[in-house]
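A quick write-up on the structure given underneath.
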Amino acid sequence: MSPRSPSVNEELRRRSRERLLQATVELVGEHGYEATTLGHIADRAGAARGLVSYYFPGKRQLLQSAVHRLMHRTLEAALEREPRTDDGHERLARAVDAILGLACDQPLLMRTHMAGILQAEGFVQCPEQQRLAELLRDTVVRFGSPDADEDYPLLRALLMGAVFALLIPGAPMPLVRLRAELFQRYGLDWELGVPPGGAPPDGPSPNGPMRPLPSGRPHQGLP
């Protein structure tokens, strides 16, 4: 039997890594972080235990990569769903709804992820995180940002803050209120994206007058 080509080996490694990431999302979402071991993840993925350590330095890094993969796949699906659109406002609305929706659908997983970012290891730079960053940066570019390198990190921070607020045990903020605040900040129509049931909360409409930023500039597009 002839040896496998480098491209075949690379594809096999990619698939093995993908299975480990998917197994991590499933198990942590089902049982929590502490109850999920690397052995459990390897068994669910149908991989050797040593393969986990080959790809990832530890469980925390594996989890962050797994959640970033889930986030970028969820975001990509939302941005590219039918009807396809290049409208920057619609794409930003879809991005906001995708991330907030993921927090609502996977609270245990996302709460664990947010807690992990605050640990000593900090924010893990990985291919999955880079893909998520590319999608969010492209979203602010299409929205009309004059400085995507400045505006993308702000959007990321606002989304992380909203996810955190949604997931605070015992004192979560309502999804509708958080969505309204984000939509108002960026001047997005409430009907864009995937609006939750019911009308927007009382107060200024997302289409109404924008409160000024500290710099005195209005919330017209990206701050």
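Numbers at a glance
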item	result
Span from the the stretch 1-54 Cα centroid across to the the stretch 155-186 one, whole angstrom	33
Positive-end extreme of charge dipole, the chain - chosen from I41, A171, L108 (charges on Cβ)	I41
Proximal charge balance of E10 [Cβ under 14 Å; K/R count +1, D/E count -1]	+3
Computed [θ] at 222 nm, helices only, for the chain once each DSSP H run of length n ≥ 4 contributes -39500 (n - 2.57)	-21000 deg cm²/dmol
Proxy reagent accessibility, fewest Cβ within 10 Å first, across H68, H89, H31	H31, H89, H68
For Cα extents along the principal axes in Å, calculated from these coordinates, the label among (i) 55, 40, 33; (ii) 68, 42, 32; (iii) 50, 42, 35	(ii)
GluC sites (Glu not before Pro) within the stretch 136-197: DSSP coil, no more than 13 neighbouring Cβ in 10 Å	E191
At R0 = 25 Å, FRET efficiency that the Cβ-Cβ distance of V176 and H31 yields, to 0.05	0.25
Test item: Cα-centred dipole of the chain, Lys/Arg +1 and Asp/Glu -1 on Cβ, debye	620
DSSP H segments from the chain that extend 18 Å or more along their own axis, Cα-based, with Kyte-Doolittle mean of 1.0 or above	148-167
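Computed from the coordinates by the stated procedures, all read-outs in this text should not be read as laboratory data. Because the structure is a prediction, the values reported are computed rather than measured. Positions of Cβ are generated from backbone atoms using ideal geometry, with glycine treated the same way; all protein chains shown enter the neighbour counts.
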